[in-house]
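A.B. asks: I am attaching a structure below and will ask some questions about it afterwards.
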Amino acid sequence: MALSSSMLNGERGVVVLIVCRVLYSLPLSLLCPGLNLAILSLFALFLDIRLDDSAALSRFKTRPGASSGILLGAVTLPTVMISKLIQLTRAYSLQQIELQELEHMTMQYWATSASCFGVLIFLCLVVLSTPNTKRFPRSFSVWDATLSIFCVASYAVTCCVSLAAISHTGSNTVLKLMWELYHGLVAVMLIQRLLDKFPSCASIGELLLVTVGLVLYFGDMLACTIAKVSGSLISTELVYIKYGIRRSEISIIIQGVVLGLLLFPLLLKYALHLSEGYFNKRYSEARRSNEIRTSLLFFSSLGFILVVIIPSWMQIVQDFHVHPLLWVLTFVFSEPLKRLSLCIYWVSLIFASVLRFYNISKNSKIERILLRKYYHLLAVLMFVPALIFQPKFLHLAFGAALAVFLVLEIMRVWRIWPLGQLIHQFMTAFTDHRDSDLLIVSHFSLLLGCALPIWMSSGFNDRPLAPFAGILSLGIGDTMASIVGYKYGVLRWSKTGKKTIEGTAAGITSVLAACSILLPLLASTGYIFTEHWFSLILAVTVSSLLEAYTTQLDNAFIPLIFYSHLCL
C-alpha cells in the first residue's frame, strides 16, 4: 500500500526519523530488541493511520483538537528503554557495571514493549471491528489483518529469543513470558479504565504513555516486593533476573509515596461510600456538616496512608534502620546549610512568581501560552543550580513536589473543604486548551518532564547532559521557540499549525547555547563532550522538530525523546 503525503504527516515523519536514529546506534548484541522496536513502530504507524482515517476514533472520547498520537505514544518509552540498554551495554563492555544490571534493564525493556504491544492489539481489534472507514475500502481489511498477524508473530519470536538468551533454563523463559503477558493485559485494562473515567482529557497517545509508565512502575514495585518477601523460599528469577539490584533509599521513598497517592482516591471513594451510607441511615445533616465530615475523613485517611501504610512497604523492600520519614529529615539536615538554603531559595522564587503571574493572568491580555512559559523559565532558575550542586537532594525534592501536586489535584477534583474550591479557582487561571474541566495536567507534565531524565540518570550515566534533558528542552528550548515564534514568526511549518520555522530555529539555537555554557561547568566529571557535538546537534534538532509538528502534550514527550538521544 503506497503512503500518501497525508498519511506520513510531519509528526509521523519525525517519529520515524527518531526510531531510525536509535536503530542505527544499536550494537549487534541488541539485535532482538532492535527488531522488536522496528516491528512495534510499524504496527503503531499502521494503527495511527487507520485510526485517524476511520470511524473507530469516534468510539473514544479523546482530547479535542489532537490527533490520535498512537505512533508517538507507542514508541516513546520503548525508545527510552532501548537507549538505556545501549548505554549500559557500553558500560558492561568497559566492565563498569555487572551483567545483572544489564539483564534487569533488558527485562524492563520487554515489560515496556509488552505493555505497548498489548494496547496496540486492543486498538487493532477496535479498528478491524469498525465497518465503515472514511478513506479505505473494505478490501483493505484482508491486508490489515495480514499485517497485524505478521507484527504479532514477529513480536512473539523476537521476545522469546531475547528472553531465552538471558535465561539459564527453559522454565525461566516461560515464567518471564508470563510476566510480560501480565504487563500487556494490565495495560489494556488500565487504558480502557482511563478512557472511560477521564473523557476528553487526553489523546490516545498521551493515555498510552501514561498507561505504560504506570504499569511499568507498578510492575517494578510488585516485582521488588515479591523478590524481597519470598527470600529464599522462591527464586527471584521467577520475576526478574536476580532482582537484587541495589536501589537507593530515595528511589524507594519516591516510588512508595507516588504509587500510594495514586491508589489513595480508590481508598477514599470506598471510605466515603461507607461513611455516607452510615450517616444517611440515621439522620440528615446540613451540607457544611457533610463537607466537614468528608474533609476529616480525607485528611485522616491521607495521614494513615503516608505515615503507616507506605512506610511499612518501604521498610519491607529496603533496609531502613529508622522510620522513612525520619530518614528523610536526617537526609535533609545532614547538610543543613546547603539544603535548607536551597529550600528557602525555591520557596522565595515560587511565592514571588506565583503571586505575580496570578495577578497578570487575571488582569492582562497576555496570551495564556506565553504566561505559562514563564514557569518554564522559573524551572530553569530553580533546578539547574540544584542539579549541579545538590543532585541527590533535587532527586528527593522532585518526589516531594509530585506528591504535593497529587494531593492538591485530588483536593481540587473532590472539592475537599476548605481548600478544594480555592485550589480550583487558582489553577484554572493558568489552564489552556490542553486542560479539561475534569483534570489539569500541565503542571504535572512540566514537573515530570524535568524530573524523569534526572530520575532515570541515577546510577550509571556516562552522558553528563542527560539529566538536563528536561530542563534544556522545556525550560529553554520550548520557551524560546514559543516566545520568538509568537512575536516574530512568519513562516509556518504547516498550513493548519501555529508553530513557525523562526520559533524552532530559536529553540535549537538557545539549547545549543545553553549546552555550551553547561559543558564547562560539568568538566569536573572528567567527560569530554567535544567529540559528540554532531550527535548533540542531531538530538536537539530532532526533538525541536517533534515539538514543532506534534499536536500531543509536548511537555510529556519532548524531554523523553531528547533524553533517549543524549544517551546514545
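A.B. asks: Determine the gain in length on full extension of the stretch SER25-LYS61; use 0.36 nm per residue of separation and subtract their C-alpha separation, reporting nm with one decimal.
C.D. replies: That works out to 9.1 nm of additional length.
A.B. asks: Next question, about the same structure. Tell me which residues come under 5 Å, amide H to amide H, from ARG492 once H is placed; ignore anything under 5 positions away on its chain.
C.D. replies: Sorted by chain and number, the residues that satisfy this are ILE501.
A.B. asks: Something else: Which far-off residues, 5 or more places away or on another chain, put their amide H under 5 Å from the one on VAL441, with H placed in the peptide plane?
C.D. replies: For VAL441, the qualifying residues are SER436.
A.B. asks: Follow-up question, since we're still on this one. Based on the alpha-carbon gyration tensor of region 451-555 and its eigenvalue square roots a ≥ b ≥ c, which shape applies: rounded if a/c is under 1.5, prolate if not and a/b is larger than b/c, or oblate?
C.D. replies: prolate
A.B. asks: Please list 97-109, 438-450 highest first by mean number of surrounding beta-carbon atoms within 10 Å per residue.
C.D. replies: With the highest mean Cβ count within 10 Å placed first, the list reads 438-450, 97-109.
A.B. asks: Quick one: length gained pulling VAL174 to VAL354 fully straight, 0.36 nm per residue minus the C-alpha distance?
C.D. replies: Taking 0.36 nm per residue and subtracting the Cα distance, the gain is 59.4 nm.
A.B. asks: Out of the total accessible area of region 155-223 (probe 1.4 Å, heavy atoms of protein only), what percent is carbon and sulfur?
C.D. replies: Carbon and sulfur atoms account for 76 percent of the accessible area of region 155-223.
A.B. asks: Still on this model: Could you give the spread of the C-alpha atoms of the chain along their three principal axes, from largest to smallest, in whole angstroms?
C.D. replies: Result for the chain: principal-axis Cα extents of 66, 65, 61 Å.
A.B. asks: Okay, moving on. Under a plain spin-label model, where a point goes 7 Å from the Cα along Cα-to-Cβ, how far apart in nm are LEU272 and SER535?
C.D. replies: Placing both labels 7 Å along Cα→Cβ, they lie 5.0 nm apart.
A.B. asks: Hey, what's the chain come to in accessible area per residue, 1.4 Å probe, Å²?
C.D. replies: Here the per-residue accessible area is 46 Å².
A.B. asks: If you consider only alpha-carbon coordinates, what radius of gyration and Dmax does region 23-113 have, in Å?
C.D. replies: Final numbers for Rg and Dmax: 16.6, 53 Å.
A.B. asks: Give me the distance in nm between label points sitting 7 Å out from Cα along the Cα-to-Cβ direction at SER458 and CYS343, one decimal.
C.D. replies: 1.9
A.B. asks: Where the centroid of each part is defined by its Cα atoms, how far is region 380-408 from region 163-217 in Å?
C.D. replies: 28
A.B. asks: Ordered by residue, what ³J(HN,Hα) values in Hz, to whole numbers, does region 178-186 give under the Karplus form 6.51 cos²θ - 1.76 cosθ + 1.60, where θ = phi - 60° and Gly and Pro are x?
C.D. replies: Rounded to whole hertz, the list is 5, 5, 5, 4, 4, 4, x, 5, 5.
A.B. asks: Given a 1.4 angstrom probe, I'd like the percentage of the accessible area of region 367-464 that is carbon and sulfur, rounded to a whole number.
C.D. replies: Ligands and nucleic acids excluded, carbon and sulfur reach 71 percent.
A.B. asks: Taking θ = phi - 60°, what integer Hz values does the Karplus form 6.51 cos²θ - 1.76 cosθ + 1.60 yield along region 453-470, in sequence order, with x for Gly and Pro?
C.D. replies: x, 6, 5, 6, 8, 5, x, 6, 7, 9, 10, x, 7, 4, x, 8, 4, x
The values are calculated or read from the model by the stated rules, or taken from the named source; none is laboratory data. Here the structure is a predicted model, which is why all the values come from computation and not from measurement. Cβ atoms come from the backbone with ideal geometry, glycine included; neighbour counts cover every protein chain shown. The protein model used for the area step is the full one, side chains on, heavy atoms only, and it has no ligands, DNA or RNA in it. Shrake-Rupley method; radii C 1.70, N 1.55, O 1.52, S 1.80 Å.
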